Amino acid sequence: MDKEIERKIGLLHAAAGFAAGIISGLYLSEINLTLLNVLFFGIIAAYPLRILSMKLFNLSEFLLKDWLTKGYLLFFIVWIILWTFVYNL
């Protein structure tokens, strides 16, 4: 996969993580989540981005392991950091 496409996929997932972090920090303050629940919720929230990335960048092979390292990890890190900041405001 081209480095330019990897960068665009990362930016797409980071932007979605930014939005998810702000929304979940503002509206999910009453829910207590365990680590397993957060990981599962993150995969459910970010999986449509995998399909969007495949269609947007015409990727015939975008394996799950590639998506976990290049997309989901960025989504999850940005989401958790922003959720923490917004939740503690």
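Numerical summary
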read-out: Every residue from the stretch 68-83 that is open to solvent by less than 50 Å² (accessible area, probe 1.4 Å) and either over 17 Å from Ile44 (Cβ atoms) or acidic (Asp, Glu) (or both); value: Leu82
read-out: Test: residue in the stretch 20-29 that is of a type outside the set (Val, Ile, Thr), under 9 Å from the mean Cα position of the chain (by Cα) and either assigned to a helix (DSSP H, G or I) or at pLDDT below 90 (or both); value: yes
read-out: Some residue of the stretch 30-52 being modelled with pLDDT of 85 or more, in contact with a His (Cβ under 7 Å, 6 or more places away or on another chain) and outside any loop (DSSP other than H, G, I, E, B); value: yes
read-out: Some residue of the stretch 75-89 being part of a helix (DSSP H, G or I), free of Cβ contacts under 8 Å to residues at least 40 places away in the same chain and over 16 Å from Arg7 (Cβ atoms); value: no
read-out: Hey, Ala16 free of Cβ contacts under 8 Å to residues at least 40 places away in the same chain and either aliphatic (A, V, I, L, M) or surrounded by 17 or more Cβ atoms within 10 Å (Cβ to Cβ) (or both) or not; value: no
read-out: Test: residue in the stretch 58-65 that is part of a helix (DSSP H, G or I) and open to solvent by less than 50 Å² (accessible area, probe 1.4 Å); value: no
read-out: Cross-chain or 6+ apart pairs with Cβ under 7 Å, the stretch 52-72 first and over 13 Å from Lys8 (Cα atoms), then surrounded by 15 or more Cβ atoms within 10 Å (Cβ to Cβ) and hydroxyl-bearing (Ser, Thr, Tyr); value: Phe62/Ser53
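The values are calculated or read from the model by the stated rules, or taken from the named source; none is laboratory data. Remember, it's a predicted structure, so these values are computed and weren't measured experimentally. FYI the Cβ positions are ideal-geometry reconstructions off the backbone, even for glycines, and counts take in every protein chain you see. The accessibility values were calculated without ligands, DNA or RNA, using every heavy atom of the protein model including side chains. Shrake-Rupley method; radii C 1.70, N 1.55, O 1.52, S 1.80 Å.
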